[in-house]
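Peer 1: The structure's right below; bear with me while I get my questions together.
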Amino acid sequence: MKKILENMIIKWHRAGYTLDEIAPLVPQVPKAAIAAIIHQHDKETRL
């Protein structure tokens, strides 16, 4: 996956979008991958 897509997903997550709202915006990325990106971001920001 391209880094730009990861950054867009994180940006939307920070803006309050849910997984179900983000998934249709990037149909080329599997929902499980989006969930993993969000989970990893949340884990890193809690440190």
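Peer 1: About its Cα centre, what dipole magnitude does the range 1-46 give when the only charges are +1 on Lys and Arg Cβ and -1 on Asp and Glu Cβ, stated in debye to the nearest 20?
Peer 2: Dipole of the range 1-46, to the nearest 20 debye: 160 debye.
Peer 1: If you roll a 1.4 angstrom probe over the protein chains with everything in place, what fraction of the accessible area of the chain belongs to carbon and sulfur, to the nearest %?
Peer 2: Whole-percent figure for carbon plus sulfur exposure: 58.
Peer 1: I'd like to check one number: the per residue accessible area of the chain, probe 1.4 Å, reported in Å² as a whole number.
Peer 2: Heavy-atom accessible area per residue stands at 74 Å².
Peer 1: Can you give the direction-averaged projected area of the convex hull of the alpha-carbon atoms in the chain, in nm²?
Peer 2: For the chain, the mean projected area of the Cα convex hull comes to 3.0 nm².
Peer 1: Would you kindly derive the ³J(HN,Hα) couplings of the range 23-31 from the backbone phi angles with the Karplus curve 6.51 cos²θ - 1.76 cosθ + 1.60 (θ = phi - 60°), listing them in order in whole Hz, with x for Gly and Pro?
Peer 2: Result, ordered by residue: 3, x, 6, 10, x, 6, 10, x, 4 Hz.
Peer 1: Per residue of the range 11-19, in order, report the coupling 6.51 cos²θ - 1.76 cosθ + 1.60 (Karplus, θ = phi - 60°) as ³J(HN,Hα) in whole Hz, putting x for Gly and Pro.
Peer 2: Going residue by residue, I get 4, 5, 4, 4, 6, x, 5, 8, 4 Hz, with x marking Gly and Pro.
The values are calculated or read from the model by the stated rules, or taken from the named source; none is laboratory data. Just so we're clear, the structure is a prediction, and the values are computed from it rather than from any experiment. Glycine gets a Cβ as well: all are built from the backbone with ideal geometry, and neighbour counts include every protein chain shown. With ligands, DNA and RNA removed, areas are computed over all heavy atoms of the protein, side chains included. Shrake-Rupley method; radii C 1.70, N 1.55, O 1.52, S 1.80 Å.
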